Amino acid sequence: MQHMVIIGATSAMAEHCARLWVQAAPVRLTLVGRDEARTRRVADDLRVRSPQSDVQVMTSDFADATAIQRTVSHIVAQAAVDVVLIAHGVLSDQGTCQDDLLACDAALQINGVSPVLFAEAFAKPMVAANHGTIAIIGSVAGDRGRKTNYVYGAAKGLVSRYAQGMQHRLAHTGVKVVLVKPGPTDTPMTSDLKAKGQKMASVEQVAKDIVKGIASGKPVFYTPGIWQIIMLVVMHLPRFVFNKLNI
Amino acid sequence: MKPVSAWGRLSNDLHDVHVLTDRSHVATVLAAHQPGLAFGNGRSYGDVCLNPHGNLWHTTGLNKFMAFDDATGRLVCEAGVLLRDIQRLFVPRGWMLPVTPGTQLITVGGAIANDVHGKNHHAVGSFGDHVLGVSLARTTGEVLSLDWTQTPALMGATLGGLGLTGVIVTAELQLRRVGSPWLRTETLPYQGLAEFFELADASEHDWEHTVSWIDCLAGQTARGIFMRANPMSAPQAAAMPSLKAVLAAHQQKTHSQPLRMPFVPPLSLVNGLSLKPFNMAYYELQKLKSGFDVAHYEPFSYPLDNLQDWNRMYGPRGFYQYQSVVPREGGQLAVQAMLDAIAASGEGSFLAVLKTFGNREAKGMLSFPEPGVTLALDFPNRGQRTLQLMDRLDAIVREAKGRLYMAKDARMPRDLFEAGYPRLSEFLAHRDAGISSAMSRRLMGV
Ligand SMILES: Cc1cc2nc3c(=O)[nH]c(=O)nc-3n(C[C@H](O)[C@H](O)[C@H](O)COP(=O)(O)OP(=O)(O)OC[C@H]3O[C@@H](n4cnc5c(N)ncnc54)[C@H](O)[C@@H]3O)c2cc1C
C-alpha cells in the first residue's frame, strides 16, 4: 500500500484528495490536523469509504518548528512516505491584518512559514530514501500582490519561491516537489466570497486535478487550468494599469 | 444575500445563505441565524426549500460518512450526503438504499424531510421506512437524538416534516442487500387506464419496481408505457457475461462529465409544437423496446440525472410539477378526469408519470404516500392559464379525497392542504419556532 500523508487533513481540498485516493485503491493514510475531533471525523469518513485502507490520525501544533519536527519524525519512523500533501491554510482577512499586527503575524505564519517548515522536515528523510513526492498547495494569490489580499498572497508567494528552490535542489534525486496553485475554490474557507456571488471551481474538480498532478509529478500547475492564462495576464499587466484595478 | 431557486425555477429571490460544514457547529449556526430553513440540493420543485429574504442553511457541506456495519447494512452519515454517493460506494459492495426517488442527486436530509418514494413503494414503502434514527439540531441550540422507540412523535413529525422541526444533522439508515447493479426489466405498452390498472395489479406481487409513463395528450384513449423491473441476483448477472462489458461502458459514461443544458432558452422549449410530437415519438420509441431486457440501475431509475440542468428547458419562467395521490377506489375515474381536463386545456405535460402506491400508510405525519394511485405532471409556467388548469385538477383531487405532494407544490390552496393532511394539527405541535419557509407561511400561516 502507498503511504500518503496529509498535513491539514480537515481542509476541504485535502479531504477530497483523500477520498479520491482511497477510492482508487486501499492506501495507508496519515492525517495530520490541528483539531483532533475534526480530523477523526475525516478519518471515519475515509474508513467507511475504504475499509481496506489504514487511516491514522495525528494532531500537531502547526505554528511551532519543534512540534513540526517531532510530528514529521514520528510519521516517517512509522512507514516510508510515498506522498505528502501539505494543504493547510486560512484565508485571512486583509483588513484585519492591516489593523492588527498579531493577526498579520498569525496569517503569515500559518499560510507561509508553517507549510515551508513541514516541507523542509519531510525533505530530509525522503531524500535519504531517494523516493516520494512532496506536494504543497500554494495559490494564484501568490503570483502578484494586490490590495485586497496581499498578506495571504505574500505568505503563498513565500511558499511558491520556496518550492521553486526545493525543486532546484532535488532535481537530480528521486524526490519530486509539486506546487499546486488553485484559483478560488468552493470550500468553507471561501464561503463568504461565494455568498458575495464570486464564481468558483468545485472542490471535487480541483481535487481531481491535484490527484492527477501529483501522480504525474508536474512541478507546477494551476487548477482549474484556466488560471494559468488569467495569471499570465495579471502578472504582465503594466503597473499603471494594474493599480487602477479594484481587485 | 444570494439568489436561490428551487428546481422548478419559478422564483429567484435573495437568501442569506449559511453554509453548514461542521456537524458539531450546526446548532450554533441555527441559534445565531434564525429564523431560517434547511436547504439540501434544491431538487424540490416549488417553495418547500425556500425562505425568500431570510436565512437558508445549506447542508451539502455536511457530507461525511460516519460508520457502516457490513454485517447488518446499517449506515450512519451526515444529512448532506447525496444518495448517489451512497449508491456508488455501496452497490459494488452488495448494499443499496432500499428507496430512492427519480433522481439520486438529493441529500439524505431532503429525502427524509419529504419522506420520498420510489418505483418500489408497493414492495418496501417510502424512504422513512428505512430510517432508524436521526440527530436533529433545533434553533434553541440543542441537538436531539431521535428514534422510533424513545421519541416516536418527534420522529414522525420530522419524517416528512418539510424541514420545519429542526435541521437533521446525521441519520442512521438501513441499507438492503443487492446481488448486482442489474435489473431485469419488462416494458409493456398499454391502451387506456383500465389496462394500466390491470397491469399494475398483476405486477405488484411479482415485480419490485413498477412505473408507467402516460401520454396525457391522447385524452380518452390514454395510452402509455408500463415498465416493471426486478433486481438481478449475482448468479443471474454472472450467467450473462455480456453485462460486464456494458457495465464498463456505463461506468465510463457516468464518470465522465454529464451533458448539460447550456443556457436558459428565452422561451420554453416545451410548448404545443414540441409536446405532441415528443409524446408521440417517445411512445413509439418505448413501444419498440417492449419486451424483456436488462438494465443497469442508474439509467433505469434516474433517466434524467445525466442531463444536467434539464429544468432549464422550460425557459426563464420555470415550470410547475403537479403530483397527486388519490385512493384506489374512484382512482381510475379521478385520473381520467384529470387527463381529460389537461387534454381540454391544451396545456400538455412533457412528463406524465402514473404509478400505484402499495397498501401501506407512511410513518410521517405529513408524509405524502398513501394507498392509491399517483399521477405526476410537469407544466411550463404560462401564468394564469396554467394556474387555472391546476385549480381544475385541485377540484378533482379534493373530490376524490386525495392530496398533493409538497415536494412538488408551489401553489396549492390551504383548504386542499388541510383536507389532504389530516394529521396536520398533531404535526404543528412539534414545529421549531425558529424555522419558517415560503411554504409553511403559505399553508400554515407562519
Ligand atoms: C428529476 C426529479 C425526480 C424526482 N422524483 C421523485 C420521486 O420519484 N419521488 C419523490 O418522492 N420525489 C421525487 N423528486 C423530489 C425530490 O426527491 C425531493 O424534492 C427531495 O426532497 C429533494 O431533496 P433535496 O436534498 O434536494 O432537498 P431540498 O429540495 O433542498 O429540500 C427539501 C426539503 O427538505 C428540507 N431539508 C433538506 N435538508 C434538510 C435537513 N438536513 N434537515 C431538515 N430538513 C432538511 C428542506 O427544508 C425542504 O423542506 C424528484 C425530483 C426531481 C428533480
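The numbers here are math on the coordinates, done by the rules we state, and not lab data. The structure displayed is predicted, hence computed values, not measured ones. Every residue, glycine as well, gets a Cβ built from its backbone with ideal geometry; the counts of neighbours run over all protein chains shown.
Using label points projected 7 Å from each Cα along Cα→Cβ, tell me how many nm separate residue A:109 and residue B:53, to one decimal.
4.6
Quick one: what do you get for the stretch B:123-225 if you divide its Cα Rg by 2.2 N^0.38 Å?
Normalised Rg, Cα atoms only: 1.57.
On each of the three principal axes of the Cα atoms of the stretch A:139-186, give max minus min coordinate, whole Å, ordered largest first.
39, 21, 11
How many nm separate the modelled label positions at residue A:215 and residue B:433, each set 7 Å beyond the Cα in the direction of the Cβ?
The answer from the label model is 5.6 nm.
Pick out, from A:246, B:80, A:173, the residue whose Cα sits farthest towards the positive end of the charge dipole of the protein assembly as shown, with +1 on the Cβ of Lys and Arg and -1 on the Cβ of Asp and Glu.
Of A:246, B:80, A:173, it is A:173.
Roughly how compact is the stretch A:12-131, stated as its Cα Rg over 2.2 N^0.38 Å to two decimals?
Compactness ratio reported: 1.16.
Compute the convex hull volume of the Cα atoms of the protein assembly as shown, divide it by the residue count, and report the result per residue in Å³ as a whole number.
174
How far is helix A:114-129 tilted off the main Cα axis of chain A, in degrees rounded to 10, range 0 to 90?
Roughly 40 degrees between the two axes.
For n ≥ 4 DSSP H runs only, could you compute -39500 (n - 2.57) per run for chain A, divide by its residues and tell me the 222 nm figure to the nearest 500?
When only DSSP H runs of four or more count, the value is -15500 deg cm²/dmol.
Please compute the net charge surrounding residue A:98, taking Lys and Arg as +1 and Asp and Glu as -1 over other residues with Cβ under 15 Å from its Cβ.
-2
Reachable lysines from residue A:218, Cα under 22 Å, same-chain residues fewer than 8 places away excluded?
A:124, A:156, A:176, A:181, A:208
Multiply the residue gap between residue B:16 and residue B:249 by 0.36 nm, knock off their C-alpha separation, and tell me the result in nm, one decimal place.
79.6 nm
Report the dimensions of the stretch B:1-154 along its three principal axes from the alpha-carbon atoms, largest first, rounded to Å.
Over the stretch B:1-154, Cα extents along the principal axes are 45, 34, 29 Å.
If only Cα atoms are counted, what is the Rg of chain B, and what is its Dmax, in Å?
My reading of the Cα-based Rg and Dmax gives 21.1, 59 Å.
Return one number: the angle in degrees, 0 to 90 and rounded to the nearest 10, between the long axis of the Cα atoms of helix A:226-236 and the longest principal axis of the Cα atoms of chain A.
The helix A:226-236 is inclined about 50 degrees to chain A.
Just to confirm a number: summing +1 for Lys and Arg and -1 for Asp and Glu over residues other than residue A:58 whose beta-carbon lies under 14 angstrom from that of residue A:58, what do you get?
Cβ neighbours under 14 Å give a net charge of +1.
Computed from the mean reciprocal separation of all distinct C-alpha pairs, what Kirkwood hydrodynamic radius does the stretch B:323-446 have, in Å?
Evaluated on the stretch B:323-446, it is 15.3 Å.
Whole number please: convex hull volume per residue of the Cα set in the stretch B:117-177, in Å³?
Hull volume over Cα atoms, normalised by residue count, gives 92 Å³.
In a shell of Cβ-Cβ distance under 9 Å around residue B:370, excluding residue B:370 itself, what net charge do Lys and Arg (+1) and Asp and Glu (-1) give?
Net charge in that neighbourhood comes out at +1.
For chain A, build the convex hull from the C-alpha positions and give me its volume per residue in Å³.
It comes to 127 Å³ per residue, whole-number rounded.
Could you tell me what a quarter of the Cα convex hull surface of the stretch A:160-247 works out to, in nm² with one decimal place?
The directionally averaged projection comes out at 7.3 nm².
Between residue A:77 and residue B:206, what is the spin-label point distance in nm, taking each point 7 Å from the Cα along the Cα→C-beta axis?
Result: 6.9 nm between the two label points.
How large is the charge dipole for the protein assembly as shown, taken about the Cα centre, if only the Cβ atoms of Lys, Arg (+1) and Asp, Glu (-1) carry charge, to the nearest 20 debye?
1860
Along the charge dipole of the protein assembly as shown, Cβ charges K/R +1 and D/E -1, which of A:85, B:436, B:94 sits furthest on the positive end?
Selected residue: A:85.
Can you give the FRET efficiency for residue B:276 and residue B:441, using 1/(1 + (r/R0)^6), R0 = 41 Å, r = Cβ-Cβ distance, to the nearest 0.05?
FRET efficiency, residue B:276 to residue B:441: 0.60.
Give, rounded to the nearest 20 debye, the magnitude of the charge dipole that the stretch A:1-149 has about its Cα centre when Lys and Arg contribute +1 at Cβ and Asp and Glu contribute -1 at Cβ.
That gives a dipole near 400 debye.
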